[in-house]
Amino acid sequence: MKLGRISSDDAGRAFERGLALASQRERAAATGLDRFEPRSHEKMIGRFTGRSHHVRDYLRTALPDDVLKARRFDAGSTAGQMGSLQRQLNYKSGGLRVRPLLETYGELITLIMPCVLVSPDSVARFFPAKAGLFDLVVFDEASQIRVADAVGAMGRGRVVVVVGDSKQMPPTSFAETTMEKDEETELANETVEDEESILSECVLARVPRQWLSWHYRSQDESLIAFSNQQYYDSKLSSFPAPVHGPASSAIDGYGISFIRVDGQFNRSGAGKLLRTNPVEAETVVREIQRRFAASPGVYPSIGVVTFNLQQRALIESLLRDSDDPRVADALDAADGLFVKNLENVQGDERDTILFSTGFSKNDRGYLPLNFGPLNRSGGERRLNVAVTRARRQVIVFSSFDPSDLRAEETSSVGIKHLRSYLELAAHGTGALPFDGRRKPAVDRHREQIAGALRERGLLVTTDVGLSDFKVDLSVALPDAPERPVMAVLLDSPAWAARGTAGDRDGLPSDVLSRMLRWPAVERVWLPEWLADADTVVGRLVEVAQGISTVGAEVPPVEVRVEAPESVPETAANRTEAGEDEALFPEFTAVRGAPSATVIDAKVSKYVAWTVRGTGGIDVLDTLRSSSSSSSSSSSSSTSRALVTAVVEQIVEAEGPIHTVRLAKLVCAEFTLNKVNNQRAGSVLALVDRRKYRVDADSFVWPSGRDALTWDGYRENGLETDRKIEHVSKVEIANAMVDVCHAAAGIRLEELKRQTVRSFGGIRVTTGIGERLEDAMRDAVKAGKLRIDDGGLIRAS
């Protein structure tokens, strides 16, 4: 046996690894992991990922649907506040201005549109200073919001969420200053004063916070790697793309590239070309024209970032004078071509970003180290914003070499970082500063798999990635070594350290395959490798060799965080028909467009009792005579039973019914149309008080309908004549609640008019008005209605 020399450290690590593997085998046997089913596990992961997409897709429809269903007003109502607001909005002139409109109808407007997108300044100017006006206030790009501007919006909310990046643009104020002739200060035509943001104040106040570490935008890791190391302490987790090799400035290229231009920055003279670099500007414009010519069908996704305002203006002017009218049109299109300077590019993103540094050496062969706002304290934050705007590609156009920027001669962090970034653009990711905390970890399990795949003729790169997330194995075919065809993920310690199933298994596979377009993403689990390594290797080789690289290119894709319209079905995420509906029964109800506003008014049509002619007047006479007699005959008992049955039928059909109308309808059944008090009394005496309730307003309530809980009412039809006196005040109050719901608040006089119309009336007489007011007061006492400070009556 041949022995090799190993160090004590290597021996110790090998011994520990052997113990770990032995212990793992013992635990597997003890816990049943020796019966681990990898394909079943991967299918569960696929189903988890697929259903996560379904849930996100479902919420995009379900949430608006819930908002519409929660509306307690009728958007088509012409009464009350709703009608008044519609009339104000329809005025072509003479209507309320924005602030008084919101002061008057602010509560209704926020009910109509519960989500309001507005600046802090607009909140202060337009919305009333009222605590708790909003349930939730969210500040986005909070690093740019001054504390003084944020306080007003915070005071109007019950809960506040502050979202931002303290490494990006701070709040700024601009003040024009005079130009000085000295080259070192000639660029200081704008003074930019940084101020404290609400984000930094929240951090200093130790407000509880969450760190969002996954980075989705960049389709090439080098686009975010510089900022990740320089500004985020390497805490961002980015995803490697299936593109290896140096960056390219080609139209379909990826990464960061550097183009040296023989241009000259104009530091003196007069006219539009002062403080510009025309040669560099023309080079940028030619590159844009080239990309537009190569994309005749759609506008290419391009943004231009400059280091000063004059260079920005020159480039935009040249673009608008371009021979291709599409270029000028793209400048004015939504999400089209943009040209911006460092100060106002935050929030924008495009597939390709073109940088124009603009500056060059002076006549003495010396590059001044004044780059405007970049020189000042916090200037590095502006650089961070600018270099993270691209999804796929950054091209830096510069009239000086990175080595010309003498960063060691300045204390400006922004200039030092610019030098590092230019080195990265010129020389690739090898120029990134070394992060001593991230030493490559030796993983013998990973190396075993890599070695086995190499023995089968595949090209394997291990530990691929520029962040703490790594593709354990990147596999390519020998005929196309620069185009990986498969990413292999292992259940490594880094995998185990992620806290959720989504972060461990769902998100990485989904982003690598769907967003970054890896042709194949495979997993190898340690238990299956220990159980049958040859089968695992065979599977991986089969997958890799089954992917053709002939003409295969990774297409550019716009990375979006939200779920796609549909998720491609795979063997992993395929589910049985109806399975999702069983898990999420609401799916079938809300898929598609949100439903229209539904007002649950519990309204029904009033159906009047139709006289059928049950008997003759002699039946009523028998009741009358029997009531005055001390003994009851057989005929009177029969009459009482017959009349009682008619009373119950009418109460059940029309109740709640006034006793006067009840007596009249019962007598009409027995051919008596004129009813005196004595007749009415004999009929009403047959109402079973144990079965039916007669309230203080003389209304008889049917069984099963409780005056305290009933919230419905019955509208009169055109052919129905029901006096308002014969409508229970409970029913009137319920109608008033419905009117107040629909109108989102209404004055008393208009409420009375609208309520009368519900019951087929036209005019509100004095007597009717008094009855309606009594019903309204009862509704307020019962908690169905409330009167606000402005005198508006609202549904509770």
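The values are calculated or read from the model by the stated rules, or taken from the named source; none is laboratory data. The shown structure was predicted, so the numbers you read here are calculated from the model rather than taken from an experiment. Please note: Cβ atoms are built from the backbone with ideal geometry, for glycine as well, and neighbour counts cover all protein chains shown. When the accessible area is computed, the model is the full protein with side chains, heavy atoms only, and any ligands, DNA or RNA have been set aside. Shrake-Rupley method; radii C 1.70, N 1.55, O 1.52, S 1.80 Å.
Among residues of the range 112-140 that are of a type in the set (A, V, I, L, M, F, W, C) and at pLDDT 90 or above, those with a beta-carbon under 8 Å from a residue that is outside any loop (DSSP other than H, G, I, E, B) and surrounded by fewer than 12 Cβ atoms within 10 Å (Cβ to Cβ) at least six positions away or on a different chain give the pairs PHE134/ARG158; LEU136/ARG158; LEU136/VAL159; VAL137/VAL159.
Only residues that are open to solvent by 20 Å² or more (accessible area, probe 1.4 Å) and part of a strand (DSSP E or B) were counted across the range 227-286, and they come to 3. For the range 508-550, filtered to residues that are basic (Lys, Arg) and touching a residue at least 60 places away in the same chain (Cβ under 8 Å), the residue that is surrounded by the fewest Cβ atoms within 10 Å (Cβ to Cβ) is ARG517. Screening the candidates VAL67, VAL118, VAL123 for the property of being within 20 Å of the chain's Cα centre (by Cα) and not in a loop (DSSP other than H, G, I, E, B) yields one hit, VAL67. Only a single criterion out of (1) closer than 28 Å to GLY271 by Cβ; (2) in contact (Cβ under 8 Å) with a residue 40 or more places away in the chain is not satisfied by GLU349, namely (1).
On the given criteria, is ARG444 at pLDDT below 95 and either surrounded by 15 or more Cβ atoms within 10 Å (Cβ to Cβ) or on the phi > 0 side of the Ramachandran plot (or both)?
No, not satisfied.
From the list GLU522, GLU482, the one residue that fits, being acidic (Asp, Glu) and in contact with a strand residue (DSSP E or B) (Cβ under 7 Å, 6 or more places away or on another chain), is GLU522. When we screen THR755, THR765 for residues that are among the polar types (S, T, N, Q) and either touching a Ser or Thr at 6+ places or on another chain (Cβ under 7 Å) or loosely packed, with under 14 Cβ neighbours inside 10 Å (or both), the only hit is THR765.
Restricting the first residue to the range 252-276 and requiring it to be within 17 Å of LYS361 (Cβ to Cβ), which pairs with a second residue that is open to solvent by 60 Å² or more (accessible area, probe 1.4 Å) meet a Cβ separation below 8 Å and a spacing of at least six or different chains? What qualifies is VAL261/VAL279; ASP262/VAL279; GLY263/VAL279; GLN264/VAL279; ASN266/LEU273. Among the residues of the range 384-403, those that are out of contact with any Ser or Thr (no Cβ under 9 Å at 6 or more places or on another chain), farther than 22 Å from VAL285 by Cβ and outside any loop (DSSP other than H, G, I, E, B) comprise VAL385, SER403.
Kindly indicate whether any position in the range 773-793 is under 25 Å from VAL607 (Cβ atoms), touching a residue at least 40 places away in the same chain (Cβ under 8 Å) and more than 44 Å from the chain's Cα centre (by Cα). Yes; the residues of the range 773-793 include at least one that is under 25 Å from VAL607 (Cβ atoms), touching a residue at least 40 places away in the same chain (Cβ under 8 Å) and more than 44 Å from the chain's Cα centre (by Cα).
Yes or no: ASP688 of a type outside the set (A, V, I, L, M, F, W, C), open to solvent by 60 Å² or more (accessible area, probe 1.4 Å), at pLDDT below 95 and closer than 16 Å to ILE657 by Cα? Reasoning before the result, please.
Working: of a type outside the set (A, V, I, L, M, F, W, C): yes; open to solvent by 60 Å² or more (accessible area, probe 1.4 Å): no; at pLDDT below 95: yes; closer than 16 Å to ILE657 by Cα: yes.
Here the answer is no, as ASP688 does not meet what is asked.
Apart from one condition, LYS691 fits all of (1) assigned to a helix (DSSP H, G or I); (2) farther than 26 Å from GLY616 by Cα; the exception is (1).
Tell me, which residue of the range 327-375 that is of a type in the set (Lys, Arg) and more than 32 Å from the chain's Cα centre (by Cα) is least open to solvent (accessible area, probe 1.4 Å)?
Narrowing the range 327-375 to residues of a type in the set (Lys, Arg): 340, 350, 361, 364.
Now restrict to residues that are more than 32 Å from the chain's Cα centre (by Cα): 361, 364.
Details: LYS361: 78, ARG364: 181 Å².
The qualifying residue least open to solvent (accessible area, probe 1.4 Å) is LYS361.
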